[in-house]
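A.B. asks: Starting off with a structure, shown below.
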C-alpha cells in the first residue's frame, strides 16, 4: 500500500468515526431530570442572584439541575403546546419561567393554580428577564 492510500484510508476512517459520533450525540435522548442531583433554592433567592450579578449566577446555576420552591403566579400553555409554570420571584414584572417536561403528567398540573406553593425541578438555562428552567417536573 502506498503512502497516499494509507493517508486517504485514514482520512475516510476519521470522517466516518466523526460522523458516527455526531449522529449518536444528536439522537441521544436527554437525561431524565428526576435522576439528576439538584440544588434547592427559593424562587425569590434565585431571581435576586440573577438580577444582581448575572455572570456570577451563571457560574453557579447555568445548565445545572435546580429544585426551585415558590408561589405559583400563573400556569399557561405555550404556542408549542407545552405547559409553563411561572413562579413568583419577588418582582412584579418577572418570575421563574418553568417549561414543563412533555413527559410530565398533566393531571397534577391541571390542579395547580395561582397562589399555590410549588416545588419544581428543572435545568436552568439562564436569565432573559425571567430565570428560565426547562424539562421541568413538579415535585411532590
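A.B. asks: How much mean residue ellipticity at 222 nm does the chain get from its helices, if each DSSP H run of length 4 or more adds -39500 (n - 2.57) and you divide by all residues, to the nearest 500 deg cm²/dmol?
C.D. replies: Working: 4 runs with 49 residues, N = 140.
Mean residue ellipticity, 222 nm, calculated: -11000 deg cm²/dmol.
A.B. asks: Tell me, in nm to one decimal, what length is gained between residue 12 and residue 91 on full extension, where the rule is 0.36 nm per residue of separation less the Cα-Cα distance?
C.D. replies: Working: separation 79, 0.36 × 79 = 28.44 nm, distance 5.64 nm.
Difference between extended and current length: 22.8 nm.
A.B. asks: Here is a follow-up. How far is it, in nm, from the label point at residue 5 to the one at residue 111 when both lie 7 Å from their Cα along the line to the Cβ?
C.D. replies: For the pair residue 5/residue 111, the computed spacing is 7.2 nm.
A.B. asks: Quote to one decimal, in nm, the extra length available between residue 56 and residue 36 on full extension: 0.36 nm per residue of separation minus the C-alpha distance between them. Could the numbers behind the result be given before it?
C.D. replies: Details: separation 20, 0.36 × 20 = 7.20 nm, distance 2.22 nm.
Net length gain for the segment: 5.0 nm.
A.B. asks: Restricting to the chain, compute how many DSSP beta bridges are antiparallel as a %, nearest 5. Write out the running numbers ahead of the final one.
C.D. replies: Details: 24 of 32 bridges.
The answer is about 75 percent antiparallel.
A.B. asks: Further, regarding this structure: At q = 0.09, 0.17 Å⁻¹, what log₁₀ I(q)/I(0) does the chain have when each alpha carbon counts as one equal point scatterer in the Debye sum?
C.D. replies: These q points yield log10 I(q)/I(0) values of -0.37, -0.88.
A.B. asks: Related question: Quick one: if the Förster radius is 22 Å, what FRET efficiency do residue 23 and residue 64 give, using the C-beta to C-beta distance and rounding to 0.05?
C.D. replies: 0.20
A.B. asks: Here is a further query. Using the eigenvalues of the Cα gyration tensor, what equivalent ellipsoid semi-axes result for the stretch 16-97 when each is taken as the square root of five times the eigenvalue, whole Å, largest first? Working shown, then result.
C.D. replies: Values: eigenvalues 184, 63, 31 Å².
Those come to 30, 18, 12 Å.
Coordinate-derived values only; no laboratory data. What you see is a predicted model; the values in this text were computed from it and never measured. With ideal geometry, Cβ positions are generated from the backbone for all residues, glycine too; neighbour counts draw on all protein chains shown.
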